[in-house]
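The values are calculated or read from the model by the stated rules, or taken from the named source; none is laboratory data. Since the model is a prediction, treat every value here as computed from it, not as a measurement. With ideal geometry, Cβ positions are generated from the backbone for all residues, glycine too; neighbour counts draw on all protein chains shown. Heavy atoms of the whole protein, side chains included, go into the accessibility calculation; ligands, DNA and RNA do not. Shrake-Rupley method; radii C 1.70, N 1.55, O 1.52, S 1.80 Å.
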Amino acid sequence: MKPAPQTFHVKSFGCQMNVYDGERMAELMAAQGLRATDDAASADLVVLNTCHIRERATEKVYSDIGRIRKDAGKAGRAPMIAVAGCVAQAEGEEIVRRAKVDVVVGPQSYHNLPALVADAAAGLAALDTEMPLLSKFGALPARRRVGPSAFLTVQEGCDKFCTYCVVPYTRGAEISRPFAAIVDEAKALVDAGAREITLLGQNVNAWSDDGGPAGSRGLHDLIRTLDRIPGLARIRYTTSHPNDMTQGLIDAHGDVESLMPFLHLPVQSGSTRILKAMNRSHGRDDYLRLLDRVRAVRPDIALSGDFIVGFPGETEADFAETLSLVDAVGYAQAFSFKYSARPGTPAAAMAGAVPPEVMDDRLQRLQAALNRDQHAFNLASVGRTCSLLIERRGKLPGQMLGKSPWLQSVHLIGDHAIGDLVSVTLAAAGPNSLTGAANIAVAA
Ligand code: 5AD
Ligand code: SF4
């Protein structure tokens, strides 16, 4: 038995949806009267909000648990440890056996965290990896204070079953939050200080709402409604599947001013043969044609993607097709990973494992190409005038950091407040960031 905790620390790993869930768990514990602390080693309760997407992410959880215990132990403390997120969902009781943690709670049931913590304090087993039909969102406290750029989860889960991916198993089937609940949360976020909202979902562009008599609504309808919220200057969404990119959503990129010119659209591989083995249900050319349609309505759009190298059976010729797709697209930024076999996924049983040194080599070559393109995109932005959302102070005196519409990090010297939207001219570009100079007028 451990005493009921007075202070807590939430640490999130992995994707932006986990960041969102981590914030909501923190709000939930604060609403119970617990105090947040930045230092895991001094907290009475440490919540590790975990990621299961690749093997290294999973192993990190176990090493983190060990480190937290060691650091706290030096101060004679033994914090209560709760494992939340996708590792909790996938491993369940195995975590309790392996790491003797106090609480295990899956991503669909974290609204029960306070009750589970109370159970653990009473010496009871505290494990909840249910995927209840009733959404957790209704049981979470209202949003009160957020930064200028806030996340809002609108859709969860995935029905696509790409053969390498654990998400359909850890996050469950695709579900969309109701339209009215999202609009209410967006208004609450704006009241709490947000100027920009990023709509989140594992397949965010699959969001839909049957809309009752109003007829079925898609993500573009939601975006057009949020666009009318006073004070909300910018809307983004991530992450999308190519097959859910409807014409309505493409059109919104052409005429909704607050929808930022940025699209994260993972492709994973440039080889149609590998895409088929991945069960992506689109080929290389489908993807390229889709991007042409997006660029037709929004020529300046910044494109981003995810790539996996070394999927089972990937030959040098397949990989060359990935490199040539990268050349054809010219990404503004992208994420690339070595394939990691995940237990229980179809790809884990496939023949044709790619040797680790070949994966390393391909990842290096891919990242060199992606870095080159990112730098080229930044250089091509020099001279542009745009709005900058100021997000935080920089390291140098008087320096502020913000994001351009194309999601570039921009440094600026000037007397601006966090949350200001400033009109700037982009003056110089490096591979990872740019510098800007404020124009006289301040953008709305
Ligand atoms: N191995 C490597 N990368 C993976 N991703 C998902 N599953 C795996 C895996 N088993 C990558 C994909 C996805 C991103 C979130 O993580 O690129 O788009
Ligand atoms: Fe995983 Fe594919 Fe679903 Fe994305 S679309 S979450 S990669 S199964």
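Only residues that are within 16 Å of ligand 2 (Cβ to nearest atom) and either of a type in the set (S, T, N, Q) or more than 30 Å from residue 336 (Cβ to Cβ) (or both): list them for the stretch 220-243, please. Full working, then the answer.
To start, the set of residues in the stretch 220-243 that are within 16 Å of ligand 2 (Cβ to nearest atom) comprises 237-243.
Those that are within 16 Å of ligand 2 (Cβ to nearest atom) and either of a type in the set (S, T, N, Q) or more than 30 Å from residue 336 (Cβ to Cβ) (or both): 238, 239, 240, 243.
I want to confirm something. Restricting to the stretch 329-338 and keeping residues that are out of contact with any Ser or Thr (no Cβ under 8 Å at 6 or more places or on another chain) and farther than 22 Å from residue 51 by Cα, which single residue is surrounded by the fewest Cβ atoms within 10 Å (Cβ to Cβ)?
330
Matching residues to (1) closer than 27 Å to residue 171 by Cα; (2) within 17 Å of the chain's Cα centre (by Cα):
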site: 9; (1), (2): yes, no
site: 14; (1), (2): yes, yes
site: 21; (1), (2): yes, yes
site: 30; (1), (2): yes, no
site: 34; (1), (2): no, no
site: 39; (1), (2): no, no
site: 43; (1), (2): no, no
site: 54; (1), (2): yes, yes
site: 77; (1), (2): no, no
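If a residue has to be away from ligand 1 (no atom under 16 Å from the Cβ), among the charged types (D, E, K, R) and either open to solvent by less than 30 Å² (accessible area, probe 1.4 Å) or not assigned by TED's automatic domain parsing to the domain that holds residue 222 (or both) to count, how many in the stretch 131-161 make the cut?
2
How about the stretch 162-196: which of its residues are open to solvent by 30 Å² or more (accessible area, probe 1.4 Å) and within 16 Å of ligand 1 (Cβ to nearest atom)?
If the condition is that a residue be open to solvent by 30 Å² or more (accessible area, probe 1.4 Å) and within 16 Å of ligand 1 (Cβ to nearest atom), then 169, 174 are the ones that fit.
(1) in contact (Cβ under 8 Å) with a residue 60 or more places away in the chain; (2) closer than 23 Å to residue 125 by Cβ; (3) of a type outside the set (D, E, K, R); (4) surrounded by fewer than 22 Cβ atoms within 10 Å (Cβ to Cβ): which one isn't true of residue 85, the others all being true?
(4)
Tally time: how many residues in the stretch 107-135 are farther than 19 Å from residue 51 by Cα and either within 16 Å of ligand 2 (Cβ to nearest atom) or without any contact (Cβ under 8 Å) to a residue 60 or more places away in the chain (or both)?
Within the stretch 107-135, the subset farther than 19 Å from residue 51 by Cα is 112, 114-126, 132-135.
Going one step further and asking which of them are either within 16 Å of ligand 2 (Cβ to nearest atom) or without any contact (Cβ under 8 Å) to a residue 60 or more places away in the chain (or both), we end up with 112, 115-116, 119, 124-126, 132-135.
Counting residues in the stretch 107-135 that are farther than 19 Å from residue 51 by Cα and either within 16 Å of ligand 2 (Cβ to nearest atom) or without any contact (Cβ under 8 Å) to a residue 60 or more places away in the chain (or both) gives 11.
Which of the residues belonging to the stretch 136-160 are of a type outside the set (A, V, I, L, M, F, W, C) and either away from ligand 2 (no atom under 16 Å from the Cβ) or not in a strand (DSSP E or B) (or both)?
Scanning the stretch 136-160 gives 136, 138, 141, 143, 144, 145, 147, 148, 149, 157, 159, 160.
Which residues, taken from the stretch 395-408, are surrounded by 15 or more Cβ atoms within 10 Å (Cβ to Cβ) and without any contact (Cβ under 8 Å) to a residue 60 or more places away in the chain?
Matches in the stretch 395-408: 400, 401, 402, 404.
For the stretch 262-278, give me the residue count where each residue is within 18 Å of residue 330 (Cα to Cα), part of a loop (DSSP other than H, G, I, E, B) and out of contact with any helix residue (DSSP H, G or I) (no Cβ under 7 Å at 6 or more places or on another chain).
Residues flagged as within 18 Å of residue 330 (Cα to Cα), part of a loop (DSSP other than H, G, I, E, B) and out of contact with any helix residue (DSSP H, G or I) (no Cβ under 7 Å at 6 or more places or on another chain) within the stretch 262-278 amount to 1.
Inspect all residues belonging to the stretch 7-14 and state whether any of them is among the hydroxyl-bearing types (Ser, Thr, Tyr) and open to solvent by 10 Å² or more (accessible area, probe 1.4 Å).
Checked against the condition, which is being among the hydroxyl-bearing types (Ser, Thr, Tyr) and open to solvent by 10 Å² or more (accessible area, probe 1.4 Å), the stretch 7-14 yields at least one hit.
Within the stretch 24-56, which residues are surrounded by fewer than 18 Cβ atoms within 10 Å (Cβ to Cβ) and out of contact with any Pro (no Cβ under 7 Å at 6 or more places or on another chain)?
Those that are surrounded by fewer than 18 Cβ atoms within 10 Å (Cβ to Cβ) and out of contact with any Pro (no Cβ under 7 Å at 6 or more places or on another chain): 30, 33, 35, 36, 37, 38, 39, 42, 55, 56.
With 336, 281, 324 as the choices, which residue is over 30 Å from residue 226 (Cα atoms), assigned to a helix (DSSP H, G or I) and small (Gly, Ala, Ser)?
324
Can you tell me which residue within the stretch 161-177, out of those that are in contact with a Gly (Cβ under 8 Å, 6 or more places away or on another chain) and assigned to a loop (DSSP other than H, G, I, E, B), is farthest from residue 109 (Cα to Cα)?
166
Residues being within 13 Å of ligand 2 (Cβ to nearest atom) and out of contact with any Ser or Thr (no Cβ under 6 Å at 6 or more places or on another chain): count how many of those fall in the stretch 244-274.
5
Can you find a residue in the stretch 35-50 that is within 16 Å of ligand 1 (Cβ to nearest atom), more than 15 Å from residue 140 (Cα to Cα), in contact (Cβ under 8 Å) with a residue 40 or more places away in the chain and of a type in the set (Val, Ile, Thr)?
Scanning the stretch 35-50 turns up no residue that is within 16 Å of ligand 1 (Cβ to nearest atom), more than 15 Å from residue 140 (Cα to Cα), in contact (Cβ under 8 Å) with a residue 40 or more places away in the chain and of a type in the set (Val, Ile, Thr).
For residues that are in a loop (DSSP other than H, G, I, E, B) and either within 14 Å of ligand 2 (Cβ to nearest atom) or among the charged types (D, E, K, R) (or both), scanning just the stretch 339-348, find the one that is most open to solvent (accessible area, probe 1.4 Å). Even if it seems obvious, please write down each step before you answer.
Residues of the stretch 339-348 in a loop (DSSP other than H, G, I, E, B): 339-345.
Checking which are either within 14 Å of ligand 2 (Cβ to nearest atom) or among the charged types (D, E, K, R) (or both) leaves us with 339-340, 342, 344-345.
On the way: 339: 29, 340: 22, 342: 9, 344: 72, 345: 7 Å².
My answer is 344.
Among the candidates 371, 378, which residue alone is of a type outside the set (A, V, I, L, M, F, W, C), open to solvent by 50 Å² or more (accessible area, probe 1.4 Å), at pLDDT 95 or above and under 24 Å from the mean Cα position of the chain (by Cα)?
371
Could you tell me how many of the residues in the stretch 274-328 are open to solvent by 10 Å² or more (accessible area, probe 1.4 Å), aliphatic (A, V, I, L, M) and away from ligand 1 (no atom under 14 Å from the Cβ)?
Number of matching residues: 8.
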